[in-house]
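Below you'll find the structure, written out as structure tokens, and then a few comments.
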Amino acid sequence: MATKIIKPFSENLNSQVRTAYLESITRPVSYDGGKTSRPRVRHYKMWEAIPPFDKPIDIINTVKCPEQNIWIWSDLHFGHNNIIKFSDRPYKDTTEMDEQLIQNFQNLVGPDDISIWVGDVSFRGYTETAKILYRLPGYKILIVGNHDFERKKGLRKMPFDEVHICYNLQVDDTYLAFTHYPMDNLPLEWINVHGHVHVHGHHADEVKSTSHINVNCEFIEYKPISLQQLIDQVESMSTMKKAGNIKPAKIDYTEYD
């Protein structure tokens, strides 16, 4: 396999992604045959209020081997009873689910590794959530999800090392935009690494495309995937695009949050 050139987070690129992301989630969705409408994300002002993170680290040059020491996953939903039934998760209760997710992480991620969490971390309170996160090794980056807010009060407090509403990396000539909600307004040379879409609901099949990679834990065996695993998917999608085999997503936002 040819060596990939991986470029780290760019503040300039992230400013562009942030603008596009906020445009995407605030775009109006019509109801009742066009008689009524609302923004795709009802409480979008809470997202707008989150400032860009000050001085993010260069994750590519921080770890020994980026492909093997950077990990990605999403939508853990620690402590969320209903998600077990809603998404057919193979756990009898949240205690079993949380412990298995913790163990899966601990089995893969080392103390000098970096993990990117693409939203929807926990339904537990601060103390219990903090206890979970402190058990998990490495430097942790949160890409904010819709369940990472206190209802109408703003962003939940959780002990992450960095917090962003969007994030970016570059693999060769392909740009990666990490966002919780899937986007439909990125240029062709971008791939959207997202969460939010579960096994059931939110039209999971309609988000499958050559521009989207869903890292919801339900689709990745409830384990974080390495950056190398992500790159393998990016390479496959890029090859399809170059061959003219472009599959657009058919994202339905009518029930988005």
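What follows is calculated from the coordinates using simple rules that are stated; it is not laboratory data. Computed from a prediction, not measured in an experiment: that's the story for all the values here. When we count neighbours, we look across all protein chains shown, and the Cβ atoms used for this are built from the backbone with ideal geometry, even at glycine.
General remarks:
- Residues W73, W117, arranged from fewest to most other Cβ atoms within 10 angstrom of their Cβ, appear as W73, W117.
- For percent of Cα pairs over 31 Å apart, the value computed from the atomic coordinates appears in the list (1) 41; (2) 21; (3) 38 under label (2).
- For the range 1-140: rounded, prolate or oblate by the Cα gyration tensor [a/c cutoff 1.5]: oblate
- Cβ-to-Cβ counts within 10 Å put S236, S115, S226 in ascending order as S236, S226, S115, the fewest first.
- When each of K64/K223; K4/K131; K55/K152 is checked by Cα-Cα distance, pairs over 30 Å: K4/K131
- Listed by Cβ neighbour count within 10 Å, with the fewest neighbours leading, C217, C65 appear as C65, C217.
- Taken over the alpha carbons of the range 43-104 as equal point scatterers, the Debye sum produces base-10 log I(q)/I(0) values at 0.12, 0.17, 0.24 Å⁻¹ of -0.57, -0.87, -0.92.
- Where only alpha carbons of the range 93-216 are counted, the Rg and the Dmax (Å): 15.3, 44
- Residue with peak Gaussian network fluctuation, the chain [Cα springs, cutoff 10 Å], from Q100, Q228, Q16: Q16
- Amide hydrogen proximity for F9: with H placed 1.01 Å from N in the peptide plane, the residues at 5 or more positions away or on another chain lying under 5 Å are I59, I60.
- Local electrostatic count at I84 - Lys and Arg +1, Asp and Glu -1, tallied over other residues with Cβ under 14 Å: -4
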